[in-house]
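This report concerns only the one structure given below.
Read-outs throughout are calculated quantities, based only on the coordinates presented, and are distinct from any laboratory measurement. As the structure is a computational prediction, the values presented were derived from the model and not from experiment. Cβ placement follows ideal geometry from the backbone for every residue including glycine, while neighbour counts extend to all protein chains displayed.
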Amino acid sequence: MSEIIRNIPSHTDLKTEDFFYSLPEKLIAQTPAEKRDCSRLMTLNRLTGEIRHKHFFDIVDELREGDVLVLNRSRVIPARLYGKRKDTAAPVEILLLRALGGDVWETLVKPGKRCKTGAEIVLGDGLLSAEITEVKDDGNRIVRFSCKDMTVSEAIHKVGEMPLPPYITSRAADSGRYQTVYSKEEGSAAAPTAGLHFTDELLDKIRAKGVKIVTVLLHVGLGTFRPVKEKEIEKHTMHSEWFSIGKEEAEIINNRKGRLVAVGTTSCRVLESVADENGKVKAFEGETAIFIYPGYKFKAVQALITNFHLPESTLIMLVSAFSDREKVLSAYRIAVENEYRFFSFGDAMFLY
């Protein structure tokens with residue numbers, strides 16, 4: 001389906017600056033925890049504001065028999081490519097954002113001003129070639145790749161690097177730790193990081209408790225890399241991301257006895273994109289540009305597992321909508337005081 005799902009934004013007087021908090025640089029996690037499920041876990045009762053401090057393996061105790069846990073099975077591709085312009089040998093960086101079919105991708109190109117339509121880029125010492133076929137209004141480039149000795153996909157895996165976020169300055173992290181243990185389908189330009197805390201053993205314990213686990217798919221794209229530049233959050237435009245949810249998964253969700261627990265903001269956005277006013281979800285395949293911020297009324301998701309997000313980001317806005325902005329920012333201040341680790345490789349929250 002080609003439909004792009006968007007929500008009708010609720011009016012709010014909140015500004016982007018209302019989602020700012022102060023974070024010492026030392027608390028930005030540069031590497032993952034030694035063991036995935038040994039990261040810390042803060043639980044937040046979104047109604048009372050009660051906070052408890054645990055470890056992620058304690059999530060088993062927070063889940064209940066009859067709950068349904070929803071995971072995003074998208075897998076990160078080595079989406080950062082380095083090359084040179086064919087005519088000038090000037091260095092160029094390409095970040096793959098979304099596959100458009102036929103070895104064509106929507107990308108971010110740096111430096112963009114010098115890479116106009118028709119520009120050719122050589123990558124991997126000539127293993128892979130790229131031609132810019134279109135410059136979009138938002139500055140993104142449409143790029144057609146070609147390769148003589150192997151498929152374009154194989155070449156991208158050979159020459160590409162894992163697209164770690166810019167705030168992670170260490171390149172020592174094992175690229176396998178930037179994938180969830182249940183990732184299946186390639187297509188994301190960034191990891192759905194709330195899921196990085198799970199191990200296969202932990203998932204088995206969760207199933208043994210009577211919690212059903214289903215997966216949905218959302219390929220994380222451009223929105224992850226674009227900050228909110230508008231002062232009034234209502235004016236911010238979310239870029240669309242491709243997603244799908246199957247019929248069997250929708251039936252399990254709709255027939256559950258307990259809560260619907262989303263793992264990460266990506267799973268949350270999928271569920272809210274396909275839920276009706278009664279909280280029933282439907283099978284769907286398409287794109288979503290849903291933007292969730294305070295004033296939004298959740299229709300399906302009843303509990304949320306997520307990481308600690310960047311100040312003034314759409315992600316902290318979503319979490320604030322699920323709970324309460326003041327409670328969330330207070331929890332973040334407590335996390336700073338207790339030296340939790342922040343962002344992609346950092347610690348987790350459970351909001352219920």
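Cut-off 10 angstrom, C-alpha nodes, Gaussian network model of the chain. Which of PRO78, PRO111, PRO192 fluctuates the most?
Of PRO78, PRO111, PRO192, the most mobile in the Gaussian network model is PRO111.
From the P(r) of the stretch 38-95, can you give the percent of Cα pairs sitting at distances over 15 Å?
That fraction is 72 percent.
Which ordering of ILE334, ILE206 is given by a fewest-first count of other beta-carbon atoms within 10 Å?
ILE334, ILE206
Take the alpha-carbon centre of the stretch 38-86, take the same for the stretch 249-316, and report the distance between them in whole Å.
So the separation of the two Cα centres works out to 14 Å.
Counting C-alpha atoms alone, how compact is the stretch 6-113: give Rg to one decimal and Dmax as a whole number, in angstrom.
In Å, with Rg to one decimal and Dmax whole: 21.5, 62.
Placing +1 at every Lys and Arg Cβ and -1 at every Asp and Glu Cβ, with all other atoms neutral, what dipole size does the stretch 80-159 have around its Cα centre, in debye to the nearest 20?
In total the dipole reaches around 260 debye.
What fraction of the DSSP beta bridges in the chain is antiparallel, stated in percent and rounded to the nearest 5?
70 percent
Where does the chain land at 222 nm, in deg cm²/dmol rounded to the nearest 500, when only DSSP H runs of n ≥ 4 count, each adding -39500 (n - 2.57), divided by all residues?
Result for the chain: -5000 deg cm²/dmol, rounded to the nearest 500.
Describe numerically, in nm with one decimal, the distance between label points set 7 Å from Cα along Cα→Cβ at SER22 and at ASP200.
Here the modelled spin labels are 4.6 nm apart.
Taking only the alpha carbons of the stretch 68-107, what extent do you get along each of the three principal axes, in Å, biggest first?
Principal-axis extents of the Cα atoms in the stretch 68-107, largest first: 55, 20, 10 Å.
In whole angstrom, and with the biggest value first, how far do the Cα coordinates of the chain range along each principal axis?
The Cα atoms of the chain stretch 62, 44, 43 Å along the principal axes, largest first.
Report, to one decimal in Å, the Kirkwood hydrodynamic radius for the stretch 80-159 based on all distinct Cα pairs.
Here the Kirkwood hydrodynamic radius works out to 12.2 Å.
Charges at C-beta only: +1 for Lys and Arg, -1 for Asp and Glu. How large is the resulting dipole of the chain about its Cα centre, in Debye rounded to 20?
That gives the chain a dipole magnitude of about 180 debye.
Using 7 Å Cα-to-Cβ label points, what is the LYS35/LYS86 separation (nm, one decimal)?
According to this spin-label approximation, the distance is 5.3 nm.
Using +1 at the Cβ of each Lys and Arg and -1 at the Cβ of each Asp and Glu in the stretch 14-82, identify which of GLY49, SER74, ILE59 lies farthest towards the dipole's positive end.
The listed residue farthest towards the positive side: SER74.
Using 0.36 nm per residue, how much length does the chain from ILE168 to GLU186 gain when fully extended, once their Cα-Cα distance is taken away?
Stretched out fully, the ILE168 to GLU186 stretch lengthens by 4.3 nm.
Over the chain, what is the relative contact order in percent, taking alpha-carbon pairs closer than 8 angstrom and at least six residues apart?
It rounds to 27 percent for the chain.
Contour minus end-to-end for ARG6 and LYS247, with contour as 0.36 nm per residue of separation and end-to-end as the Cα-Cα distance?
Stretched out fully, the ARG6 to LYS247 stretch lengthens by 84.6 nm.
What percent do you get for the relative contact order of the stretch 80-159 when only Cα pairs under 8 Å and 6+ apart count?
Relative CO of the stretch 80-159 lands at 26 percent.
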